[in-house]
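Asks: First the structure, then my questions, so here it is.
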Amino acid sequence: MAQIEIDSKEMKQAASSAIKSKRKGPDKWKSKKWYKIIASKHFNNIELAQTPGIDEEAVMGRVVSMNARDLTGNIKKNQLMVKFRVNDVQGLNANTELHSVELQPSATKRLTRRRASKVESVDNVLCKDGTRARIKTIALCAYKITRSQESAIRAAIKKEVEKIARNYDYQDLIHDLVVGEHGNELMGSTKTIAPMKRIDIVKAIKLRS
């Protein structure tokens, strides 16, 4: 099921309008239209959800979250959430672009064991189209490792995610993180440093210019 995020300022305006409408009489809610939120071309422009809005401007910028399993049919992607952002409205169709991707915290939390190390890496990367993005990665080690090993793992991950990002425009990068298996590439880049249980890219999001 899709989850729609509405800007807090917009929520306050809606609440204010609701209070005023009660005082003046007419209910503005009835005048709102229902817009279909459409996925980007990467997911075949399927309908993700519907959202109410007074006009096109009110719908612009809204973000809808979808489970990657529902988008791809791949049960292995059940813990991955994909966000789409409305960037164009045509009639009652609210078209979107890929906004970000994030692994639910519970997915890695249950895999972390006491006598093993977890190495987190947060790297700013440059995509093929010049977009700057931030990618967060978590590496789960087979046992406790040293600080020098942690540093070496972070350096290897940084080098690999920078390489991955350079090959894609931002929109294509997010799509590939949803359907691809980059954890295998990251595992390969660290296998000479320490034994790994798994490595996951847990979040990718565009940085503001």
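Asks: For q = 0.12, 0.17, 0.21 Å⁻¹, what log10 I(q)/I(0) does the range 49-202 give under the Debye formula with an equal point scatterer on each alpha carbon and no solvent?
Replies: The Debye formula, applied to the Cα set alone, gives -0.58, -1.01, -1.33.
Asks: Now for a different question. If I compute solvent accessible area with a 1.4 Å probe over the protein chains, what percent of it on the range 96-186 is carbon and sulfur? Show your work: numbers first, answer last.
Replies: Working: 2280 of 5070 Å².
Solvent-exposed carbon and sulfur of the range 96-186 make up 45 percent of the total.
Asks: Anything over 22 Å Cα to Cα? Flag those among K128/K191; K36/K83; K33/K77, in the order listed. Let's see the in-between values first.
Replies: Values: K128/K191 27 Å; K36/K83 16 Å; K33/K77 33 Å.
From the list (K128/K191; K36/K83; K33/K77), the Cα-Cα distance tops 22 Å for K128/K191; K33/K77.
Asks: Then there's this: With every protein chain present, what is the per residue accessible area of the range 155-204 (1.4 Å probe, Å²)? Mind showing how you got there, number by number?
Replies: Values: 2440 Å² over 50 residues.
Heavy-atom accessible area per residue stands at 49 Å².
Asks: Just want the answer: with Cβ charges of +1 for Lys and Arg and -1 for Asp and Glu, which residue in G183, A139, L173 is farthest toward the dipole's positive end in the range 90-201?
Replies: Of G183, A139, L173, it is A139.
Asks: Given the whole protein assembly as supplied and a 1.4 Å probe, what does the accessible area of R134 come to in Å², nearest 10?
Replies: 100 Å²
Asks: Provide, for q = 0.10, 0.13, 0.23 Å⁻¹, the log10 of I(q)/I(0) from a solvent-free Debye sum over equal Cα point scatterers in the range 39-132.
Replies: -0.39, -0.61, -1.19
Asks: List every residue whose amide H lies under 5 Å from the amide H of N95, counting only residues 5 or more places away in sequence or on a different chain, with H placed 1.01 Å from N in the peptide plane.
Replies: Here the answer is I38, N87, D88, V89, Q90, since their amide H atoms fall under 5 Å of that of N95.
The values are calculated or read from the model by the stated rules, or taken from the named source; none is laboratory data. Computed from a predicted structure; not experimentally measured. Neighbour counts are summed over all protein chains in view; Cβ atoms, including those assigned to glycine, are modelled from backbone coordinates with ideal geometry. What goes into the accessible areas is simple: the full protein's heavy atoms, side chains included, and nothing from ligands, DNA or RNA. Shrake-Rupley method; radii C 1.70, N 1.55, O 1.52, S 1.80 Å.
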